[in-house]
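Here the structure is laid out as structure tokens; the discussion comes afterwards.
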């Protein structure tokens, strides 16, 4: 159960990164390239956290079996 | 005898066939890579040569990807071909004159470009050119899970993989919506780029598509494909660490009691 929750939260992080990618597009549209690079790094970090949460969820789920 | 001793011997037939596959791979990679480069940069390069006051920096940027492609094929390095070659195209694109940018956006050019890029990645990743089974790690298996053999997988990995794939497609659609359909972003493009609006949109599309490819490969496909391997490795490391820690804890416990008894003995001697 806890593993499933981690999994869902991890998926939420990946989906949530779409907002930061959208912001990145906005910054590129404003020709603010530094901000776009920072937003891109933030998006990658958020996705990475989501993936790590999922891996944690899998480990916890396996532990509970 | 060590059970992990390498037992595989060189098979000339297999070796020769793999060499044949490699040369075919090299030819295909060179062909598709050059096609991709030519679609993007050949016309601007010829234009630079045509004028006497050609920009030297632009010439350098246009030709560097070809050099990287050649080096990657000669050295058979995936990192050069899959990572550095596509990245080296970006500075060259930034130097493209506006008419060339506009030409990229006309008709079905973009579709051809994306198809060629996809074909290039497929051909490049067709096989890992510098690796042979048993050639690394002294012939030992990289993940010795003999003690975990037969343990069933605890998770529905297909569910994991496809849900992440769906999420990454959602991210791609959000990016494309932002660039081409969002009114506010369209207004920003018009405001900050004026007549070069279409050029800026094409540039943004290419940069974001490249970022999305990196995101999917590094954050979804690679971790997703290695989940079970990573989990087992973590388990093995934890087990190893616990064993070491057990000995250390024993040493600390015994030392602690020894010091405590010494202190008590000294205190008792001094007291009495």
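What follows is calculated from the coordinates using simple rules that are stated; it is not laboratory data. Keep in mind that this is a model prediction, so the values were computed, not measured. Because the Cβ atoms are built from the backbone with ideal geometry, glycine has one as well, and the counts that use them run over all protein chains shown.
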Problem - Shielding of A:1-7 by partner chains, average beta-carbon count, 10 Å - result: 1
Practice task
Mind sorting B:193, B:105 by how few other Cβ atoms lie within 10 Å of their own Cβ, fewest first?
Solution key: B:105, B:193
Practice task
With everything on Cα atoms, drop me the angle between helix A:33-63 and the longest principal axis of chain A, reported from 0 to 90° to the nearest 10.
Solution key: 0
Exercise for the section: Project the alpha carbons of chain A onto their principal axes and report the range along each, largest first, in whole Å. Expected result: 52, 13, 8
Practice task
May I ask for the angle, rounded to the nearest 10°, between helix A:2-29 and the longest principal axis of chain A, with both axes built from Cα atoms and the value confined to 0 to 90°?
Solution key: 0
Exercise for the section: Calculate the spin-label point distance for residue B:119 paired with residue B:265, positioning each point 7 Å from the Cα along the beta-carbon direction, and give it in nanometres. Expected result: 8.4
Completion exercise
Using alpha carbon centers only, segment B:40-88 is separated from segment A:2-65 by a whole-angstrom value of 34
Completion exercise
CD proxy, 222 nm, chain A: helix-only mean residue ellipticity via -39,500 (n - 2.57) per DSSP H run with n ≥ 4, per residue, nearest 500, stands at -32500 deg cm²/dmol
Handout entry: Residue-averaged beta-carbon neighbours from other chains (10 angstrom radius) around B:194-202
Key = 1
Fill in the blank from the handout: Distance in nm between residue A:30 and residue B:181 label points, each 7 Å along Cα→Cβ, equals 2.4
Completion exercise
Partner shielding of B:176-187, as the mean number of partner chain Cβ atoms within 10 Å, equals 3
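From the Cα gyration tensor of segment B:70-129, with a ≥ b ≥ c the square roots of its eigenvalues, which class applies: rounded if a/c is under 1.5, or else prolate if a/b is larger than b/c, or else oblate? Please list the in-between numbers first.
Details: a/c = 3.97, a/b = 1.74, b/c = 2.27.
It is oblate, given that a/c is not under 1.5 and a/b is not larger than b/c.
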Practice task
With the cut-off at 19 Å, report for segment B:184-267 the share of all Cα pairs above it, as a whole percent.
Solution key: 71
